[in-house]
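> I'd like to ask some things about the structure below.
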Amino acid sequence: MVHTAENIWKHRGLAAAGTAMAAAIALSACGDADSSNGEEEGEAAGESTLVVSTFPFGVEDFQEAVVDPFTEETGIEVELDTGANADRLSALQLADGEDPGVDVVLISDYFAAMGQEEGLFQELDAAQVPALEEIADFAVDDSYYGPAYTYQLYGTIYNTDELTEEEAASWDLWGQDEYSGRLALPDIAPTAGQLMVSGVGGSYGSGPYDVDTAFEVLGDWAPGVLQFYSSSTEVVNLLVQDEIVAAGSLSGFAVDLEENAAWTAPEEGRYMATNHAMIAEGAENLETAHEFIDYMLTAEAQTASAELVGDLPVNPAAEIPANIQDVVGDLAADPVEAGYETLDPSELVDTRSEWVERFAREVASQ
């Protein structure tokens, strides 16, 4: 999905203008500081704990990388509420904007878009998040109410003893008889699955949403695919046990794998997923929610999150640790420049159920 620089910088310009206005208001308020009885300060200090809804994996690392430093810097206590994307979105649907029980929701792009369409999230106030001006353009997408704070690249994990990088980067690998029964691809349900379908559609058809062509090609490959997996654990186990020579996967799956395994981007049809920081409709702690998201986007927090959690940073000033650098190389510096694209959520939300059903019938069952 393409967004013009004019739109992006208009969005970011609000943050700069808002920051200046906030500063002016703060200066004018100083004149009344002596007459204050401290009630406002007491109210701020008494604000309830910020509740952040996040993924169930890497929780302790996220606590160490982002939550604890944020609390130390601001004095704001944070409680983490964890669960799968679908489960956490269901809880918001039940709340229907009334006392959702969470403030900030860290969630993948498709679920962010679906919840947004249902009125479960509210638009971020850019004026309260100055770090928006620091992050990559693709992370400030007008399609979402909240920014991306990390992203995931689709590619291929492969056994370097059996495949070259060039062979692993070719989509044609998945249809070769030589490797029949020794290949794995994601089911369409997990994040990697839609990126794979879009990659095939973009490479063999008219574009990333040409699922007719994608399902036809994938259906032809299916008899040679050992497993259409649904979790990272499955694909890692298949590799470690030498049951497969290659698997279509997210780059994060390849961090700290065995020495004879590597990951590479596809030669064409490169798509990435983004995880977004959203504010729940009806959130109790709006001001601190914005403050937390702003902190998450800083180079300091993004560096720590990359090192401890393994999140690819959207802030170009963040440092990328060696274990991630070893997997993705220069791609992390600018994935868009390297040919990666994000998908348009408006093309996915309304078609999701139909595509999942078709994938099961036309691909996975072949």
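> Ordered by residue, what ³J(HN,Hα) values in Hz, to whole numbers, does the stretch 288-304 give under the Karplus form 6.51 cos²θ - 1.76 cosθ + 1.60, where θ = phi - 60° and Gly and Pro are x?
6, 4, 5, 5, 5, 4, 4, 5, 4, 8, 5, 4, 4, 5, 5, 5, 5
> Using a probe radius of 1.4 Å on heavy atoms only, what accessible surface per residue do you get for the chain? Whole Å² is fine. Intermediate results must be reported in sequence, preceding the final value.
Values: 16720 Å² over 366 residues.
Result: 46 Å² per residue.
> Where does the chain land at 222 nm, in deg cm²/dmol rounded to the nearest 500, when only DSSP H runs of n ≥ 4 count, each adding -39500 (n - 2.57), divided by all residues?
On the way: 14 runs with 139 residues, N = 366.
Using -39500 (n - 2.57) per qualifying helix, the result is -11000 deg cm²/dmol.
> Please compute, over every Cα-Cα pair in the stretch 215-311, the percentage with a separation greater than 18 angstrom.
Result for the distance tail: 65 percent.
> Right, here's the next one. On the protein heavy atoms, probe 1.4 angstrom, tell me the percent of accessible surface of the chain carried by carbon and sulfur.
The value for the chain is 46 percent carbon and sulfur by accessible area.
> Just need the relative contact order of the chain here, percent rounded to a whole number, with Cα pairs under 8 Å and 6+ apart. Could the numbers behind the result be given before it?
Values: 631 pairs, mean separation 92.0, N = 366.
So the answer I get is 25 percent.
> Kindly give Rg over Rh for the stretch 82-179, based on alpha-carbon atoms, with the Kirkwood expression for the hydrodynamic radius.
We get a ratio of 1.16 for the stretch 82-179.
> Which residues' amide hydrogens lie under 5 Å from the amide hydrogen of residue 182, considering only partners 5 or more residues apart or on another chain, with H built in the peptide plane?
Residues meeting the criterion, in which the H sits 1.01 Å from N, are 226.
> Using a simple charge model, +1 on the beta-carbon of Lys and Arg, -1 on the beta-carbon of Asp and Glu, nothing else, what dipole does the chain show about its Cα centre, in debye to the nearest 20?
Charge dipole, the chain, about its Cα centre: 860 debye, nearest 20.
> Let me understand the stretch 210-254 better: what is its radius of gyration from the alpha carbons, and its Dmax, in angstrom?
Rg and Dmax of the stretch 210-254, Cα atoms, are 12.0, 35 Å.
> Would you please report the Å³ per residue occupied by the convex hull of the alpha carbon atoms in the stretch 252-366?
Once divided by residue count, the hull of the stretch 252-366 is 177 Å³.
> Moving on to the next point. What percent of all Cα-Cα pairs in the chain falls into each 20 Å bin, going from 0 up to the bin containing the maximum distance?
Histogram of Cα-Cα distances, whole percents per bin: 28, 55, 15, 2, 0.
> Right, something else. In a Gaussian network model over the chain where Cα atoms closer than 10 Å are linked, find which of 122, 152, 241 has the largest mean-square fluctuation.
In this elastic network of the chain, the residue with the biggest mean-square fluctuation among 122, 152, 241 is 241.
> Run the numbers on the stretch 61-141 and let me know its relative contact order in percent, using alpha-carbon pairs under 8 Å that are six or more apart.
20 percent
The values are calculated or read from the model by the stated rules, or taken from the named source; none is laboratory data. The model shown is predicted, which means the values in this text are computed figures rather than measured ones. FYI the Cβ positions are ideal-geometry reconstructions off the backbone, even for glycines, and counts take in every protein chain you see. Accessible surface areas use protein heavy atoms only, side chains included; no ligands, DNA or RNA. Shrake-Rupley method; radii C 1.70, N 1.55, O 1.52, S 1.80 Å.
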